[in-house]
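The values are calculated or read from the model by the stated rules, or taken from the named source; none is laboratory data. Please read all numbers here as calculations on a predicted model, not as lab measurements. So basically every Cβ, Gly included, is an ideal-geometry build from the backbone, and we count neighbours across all protein chains shown.
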């Protein structure tokens with residue numbers, strides 16, 4: 001009879017990734033942002049951690065939802081252009097007219113870039129997609145029309161000196177999706193209930 005042994009080797013966590021974990025776990029979140037650490041993908045980078053968040057400014061109604069995956073490769077990644085990549089997903093319900101506005105994608109993308117800039121998150125190789133979805137009911141279905149916006153984006157930390165600004169930028173971006181006023185000075189919230197591209 002053959003006995004097969006499986007040996008699991010635990011590699012030490014690099015100091016830089018330990019700094020990332022420390023920055024995330026010590027970050028002071030806004031009271032409206034409810035955050036939990038979740039299982040991170042294992043095949044995208046040697047080291048990773050993931051968060052999910054709901055923006056709940058009042059009652060139990062979440063106005064926006066998001067996930068953030070932080071990928072770290074100590075050897076760097078040519079595609080990322082660095083060692084640390086932030087990958088984000090954000091979703092929020094918006095006014096029906098807002099979803100139909102052709103400027104929505106540009107404005108949503110500007111929310112991310114403004115949040116990164118005003119948080120002082122030095123970054124490179126930012127990319128993403130914005131999707132607007134609408135839903136209408138017909139016939140006997142008596143439900144209100146709905147519209148949602150989804151944004152998938154990622155960026156690379158241009159420096160390994162500090163990671164907290166990137167976490168702050170992600171929080172502010174989610175709050176922008178939810179229509180909340182940002183805490184970062186200089187970022188203007190367009191709101192979700194009164195929309196104009198003019």
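Things to note:
- The listed residue being part of a helix (DSSP H, G or I) and either more than 25 Å from residue 25 (Cα to Cα) or in contact with a helix residue (DSSP H, G or I) (Cβ under 6 Å, 6 or more places away or on another chain) (or both), out of 106, 114, 101: 106
- Single residue of segment 122-141 satisfying the filter (at pLDDT below 90 and outside any strand (DSSP E or B)) that is nearest to residue 98 (Cα to Cα): 136
- Candidates 63, 116, 71, filtered to the one that is buried (at least 18 other Cβ atoms within 10 Å of the Cβ) and in contact (Cβ under 8 Å) with a residue 60 or more places away in the chain: 63
- Of all residues in segment 55-78, those satisfying the criterion of being more than 11 Å from the chain's Cα centre (by Cα) and assigned to a strand (DSSP E or B) are 55, 58, 61, 71, 72, 73, 74, 75, 76, 77.
- Inter-residue pairs, beta-carbon under 8 Å, first on the phi > 0 side of the Ramachandran plot and touching a residue at least 40 places away in the same chain (Cβ under 8 Å) and in segment 22-40, second in a loop (DSSP other than H, G, I, E, B) and surrounded by 13 or more Cβ atoms within 10 Å (Cβ to Cβ), 6+ apart: none
- Residue match in segment 80-91 (condition: in contact with a helix residue (DSSP H, G or I) (Cβ under 9 Å, 6 or more places away or on another chain) and surrounded by fewer than 14 Cβ atoms within 10 Å (Cβ to Cβ)): no
- Residues that are surrounded by 16 or more Cβ atoms within 10 Å (Cβ to Cβ) and touching a helix residue (DSSP H, G or I) at 6+ places or on another chain (Cβ under 8 Å), drawn from segment 150-164: 151, 153, 155, 157, 163, 164
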